[in-house]
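What follows is one structure encoded as structure tokens, with my remarks underneath.
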Amino acid sequence: MIDATLFFIIVTIFIALLFDFLNGFHDAANSIATIVSTRVLKPHWAVLWAAFFNFIAFIFFHLHVAQTIGTGLVDPAVITVNVVFAALVGAIFWNILTWYFGLPSSSSHALIGGILGASIAKSGLGHLKMGGISKVLIAIIVSPLLGLILGLLLIFLISYLFHRLTPHKVNVWFRKLQLVSSALISLGHGGNDAQKTMGIIAILLFSAGMLGDKFYVPLWVIITCNFVIALGTFFGGWRIVRTMGMKITKLKPVSGFCAETGSALTLFLATALGIPVSTTHTITGAIIGVGSLEGHHAVRWGVAKNIVWAWILTIPAAGIVSAGVWGILSVIRNW
């Protein structure tokens, strides 16, 4: 007979992988919306392209983000199977809700909100690590701004370098280069986002005494998490593709290249620093940046405003749901 605690750990790992899958599914738009809306690739080829680079991302990045998720937000002594389970349920609930309404909120911040909400419900505020939390909160503001600034700088630079070419030639060049920029943002997405699930599974195993005295991410967890997020990207989230690629602003190949490259550079920097940022935040900021260059009316600010509200609500909403789930689990296990 399998031990009840071990069974609950296995179930929780499967739920973590479901979150990872939904992360890829929900965030597929971040990698493919621009190349689909600029007609560089058809949607099914774009999804395959993004999924491949999601999967191989673990080859290129150290696991600093997984370390932050596992040990940098909450004292590991507080983490139990119940806390992780509740955190994942809160994050998945918010992901599904925002997917249903077509809003590109952050899977990353839903998970962070879930961890904080369940941990506070269990042990109060005393075990929170404010240094790690403050990095995440600052990144909520900085990552879209940095994506916006880098996108703008790139489009200014490209306009200067290619101003002698006809628009047709520029489009031909950047339709090809968008394959590169799309690959870069898919690498950034796989590198930063898959590590969040790695961190949550690793801290679950660590808290259960399955990793010994030192926190680390096992190789099987690394490969599995990258594979599952790639699988989620493969199946894609078409409602959000429409919002990201068409509703915010109309994109040309050169604009798509600048938005994706600016966003990818932001993700690479954040991953190197161990900061779990939102791919959605960075690409949305970059798209708005390159779109606003064509004038205030080129960006549909009403859609952008709805997206910002989804960002603001993500951490507290996921946290409240997770705290409630932890409370229910505590009652059931003590019954």
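The values are calculated or read from the model by the stated rules, or taken from the named source; none is laboratory data. No experiment lies behind these values; they were computed from the predicted model shown. Quick reminder, even Gly has a Cβ in these numbers, built from the backbone with ideal geometry, and neighbours come from all protein chains shown. With ligands, DNA and RNA removed, areas are computed over all heavy atoms of the protein, side chains included. Shrake-Rupley method; radii C 1.70, N 1.55, O 1.52, S 1.80 Å.
Here are some notes:
- For the chain, adding -39500 (n - 2.57) for each run of n ≥ 4 DSSP H residues and dividing by the number of residues yields -26000 deg cm²/dmol at 222 nm.
- Using a Gaussian network model of the chain in which every pair of alpha carbons under 10 angstrom is joined by a spring, one finds that among 256, 324, 114 the greatest mean-square fluctuation is at 324.
- Angle between the chain longest axis and helix 219-235 axis [Cα atoms, degrees, rounded to 10]: 50 degrees
- Residue 137 versus residue 305: modelled label distance in nm, points set 7 Å from Cα along the beta carbon direction: 2.6 nm
- Pairwise Lys count, the chain - Cα closer than 24 Å, eight or more residues apart or different chains: 22
- The chain - percent of accessible surface contributed by carbon and sulfur, probe 1.4 Å: 74 percent
- Average accessible area per residue (Å²) across the chain - probe 1.4 Å, nucleic acids and ligands excluded: 43 Å²
- Matching the structure-derived volume of the Cα convex hull per residue in Å³ against the labelled list (1) 120; (2) 135; (3) 205 gives the label (1).
- Nitroxide proxy distance, nm - points 7 Å out along Cα→Cβ at residue 156 and residue 223: 4.7 nm
- Extension gain, residue 10-residue 166: 0.36 nm per intervening residue step, less the Cα-Cα distance, totals 50.3 nm.
- Rounded to 10°, Cα long-axis angle of helix 43-55 versus longest principal axis of the chain: 50 degrees
- In degrees, nearest ten, helix 301-334 long axis to first principal axis of the chain (Cα): 10 degrees
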